[in-house]
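K.L.:
Questions regarding the structure given below will be posed in turn.
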Amino acid sequence: MFNMGGKKRWLVLSIVGLLVGLILGSITEYTDFCRWPNQFCEFIDNVVMQPFVFLSLAVLFALVILFFLKTQVFLAWHKFALWYLPIAFGLIILTALSSSSSDMGIDLFSIDSEQVTWLTSGLFLLISVVLVIYKSYSLRSK
């Protein structure tokens, strides 16, 4: 029962995350709210919109594969995703805060939050695919 229920919860969460990211992106891009560049709009774009969109797309892609596999494969991915996604969001927020404070002479990282978003999303997708293949192969050989 957890198999379909857990997959459906992940599906709903990733679709909601994707919609939140797209709505926030359209607000900051196509309205007068962010007509002039300011730190709040850059923060919304780099720390909220992009991570929600890219990480949600990575989760959706992994779920497409997981819908056709055994429950044990999903549970292994589920454990991985539960610890990876909060760490990824934390890194994105940390780099965004670091780059916003670089005006004061504090520069912890030489990369910005957009690059970290791309890196964490791609890494999540790569690790997910490798984990799914490994777990499927190990269950098949039993």
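K.L.:
Identify all residues within the stretch 46-83 that are surrounded by 19 or more Cβ atoms within 10 Å (Cβ to Cβ), over 17 Å from residue 15 (Cα atoms) and at pLDDT below 90; write none if there are none.
P.N.:
Scanning the stretch 46-83 gives 46, 47.
K.L.:
I've got another one for you. Taking interchain pairs and intrachain pairs at least six residues apart, which have beta carbon atoms under 9 angstrom, with the first residue in the stretch 7-27 and touching a residue at least 12 places away in the same chain (Cβ under 8 Å) and the second outside any helix (DSSP H, G or I)?
P.N.:
7/67; 11/67
The values are calculated or read from the model by the stated rules, or taken from the named source; none is laboratory data. In this text the structure is predicted, and so the values were computed from the model without any measurement. No Cβ is skipped: glycine too gets one built from the backbone with ideal geometry, and neighbour counts run over all protein chains shown.
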